[in-house]
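Trainee: Dumping the structure here so I can ask a few things about it.
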Amino acid sequence: KSDSDTYTCDIGDAQSRAKLVVQEMPVLFKKELQNEEAKEGKQVKLTCELSKPDTPVKWMKGDTVLYASEKYEFKQHGTVAELIIRDVKSIDS
């Protein structure tokens, strides 16, 4: 996307210009989230893999956006995004 711009070929007395527009590829899931089971009090890790590295990810529980805390930890390594839920309780289902 950063290569989008106007390019010029200059031969001194004349110039030719062209505009380049680069269309970004959509981000897709290469590996979707999988259902998990965990015992109360333990931790669980949810993992998904994206088609584009370092894509910003928003984690949600139902309609509620999750934020990093003692309960929730987010990790991202290239195309892999992880949500770690600590001390799971039945209300975390």
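The values are calculated or read from the model by the stated rules, or taken from the named source; none is laboratory data. This one's a predicted model, so the numbers in the text were calculated from it and none came from an experiment. Please note: Cβ atoms are built from the backbone with ideal geometry, for glycine as well, and neighbour counts cover all protein chains shown.
Trainee: Exactly one of (1) surrounded by 10 or more Cβ atoms within 10 Å (Cβ to Cβ); (2) modelled with pLDDT under 95; (3) not in a loop (DSSP other than H, G, I, E, B) is unmet by Phe74. Its number?
Mentor: Failing condition for Phe74: (2).
Trainee: Within the set of pairs 6+ apart or on separate chains, which have a first residue in region 54-81 that is within 21 Å of Gln34 (Cβ to Cβ), a second that is not hydrophobic (A, V, I, L, M, F, W, C), and C-beta atoms under 6 Å apart?
Mentor: Within 6 Å, the pairs are Leu66/Tyr72; Lys71/Arg86; Lys75/Glu82; Gly78/Pro53; Thr79/Glu49; Thr79/Pro53; Val80/Glu49.
Trainee: Residues that are within 23 Å of Met25 (Cβ to Cβ) and either in contact with a Phe, Trp or Tyr (Cβ under 8 Å, 6 or more places away or on another chain) or of a type in the set (Lys, Arg) (or both): does region 61-77 have at least one?
Mentor: No, every residue in region 61-77 fails to be within 23 Å of Met25 (Cβ to Cβ) and either in contact with a Phe, Trp or Tyr (Cβ under 8 Å, 6 or more places away or on another chain) or of a type in the set (Lys, Arg) (or both).
Trainee: Also: Please determine whether any residue of region 7-18 is in contact (Cβ under 8 Å) with a residue 12 or more places away in the chain, exposed (fewer than 10 other Cβ atoms within 10 Å of the Cβ) and small (Gly, Ala, Ser).
Mentor: Checked against the condition, which is being in contact (Cβ under 8 Å) with a residue 12 or more places away in the chain, exposed (fewer than 10 other Cβ atoms within 10 Å of the Cβ) and small (Gly, Ala, Ser), region 7-18 yields at least one hit.
Trainee: Only residues that are of a type in the set (D, E, K, R) and closer than 30 Å to Val27 by Cα: list them for region 1-17, please.
Mentor: Lys1, Asp3, Asp5
Trainee: Still on this structure: Can you pull out every residue in region 42-62 that is exposed (fewer than 10 other Cβ atoms within 10 Å of the Cβ), in a loop (DSSP other than H, G, I, E, B) and modelled with pLDDT of 95 or more?
Mentor: Answer for region 42-62, where residues must be exposed (fewer than 10 other Cβ atoms within 10 Å of the Cβ), in a loop (DSSP other than H, G, I, E, B) and modelled with pLDDT of 95 or more: just Lys58.
Trainee: Quick one: in region 29-39, of everything that is modelled with pLDDT of 95 or more and loosely packed, with under 10 Cβ neighbours inside 10 Å, which residue is nearest to Asp87 (Cα to Cα)?
Mentor: By that ranking, first place goes to Asn35.
Trainee: Right, another one. Can you give me the number of residues within region 1-40 that are in a loop (DSSP other than H, G, I, E, B), among the acidic types (Asp, Glu) and out of contact with any helix residue (DSSP H, G or I) (no Cβ under 8 Å at 6 or more places or on another chain)?
Mentor: Of the residues in region 1-40, 6 are in a loop (DSSP other than H, G, I, E, B), among the acidic types (Asp, Glu) and out of contact with any helix residue (DSSP H, G or I) (no Cβ under 8 Å at 6 or more places or on another chain).
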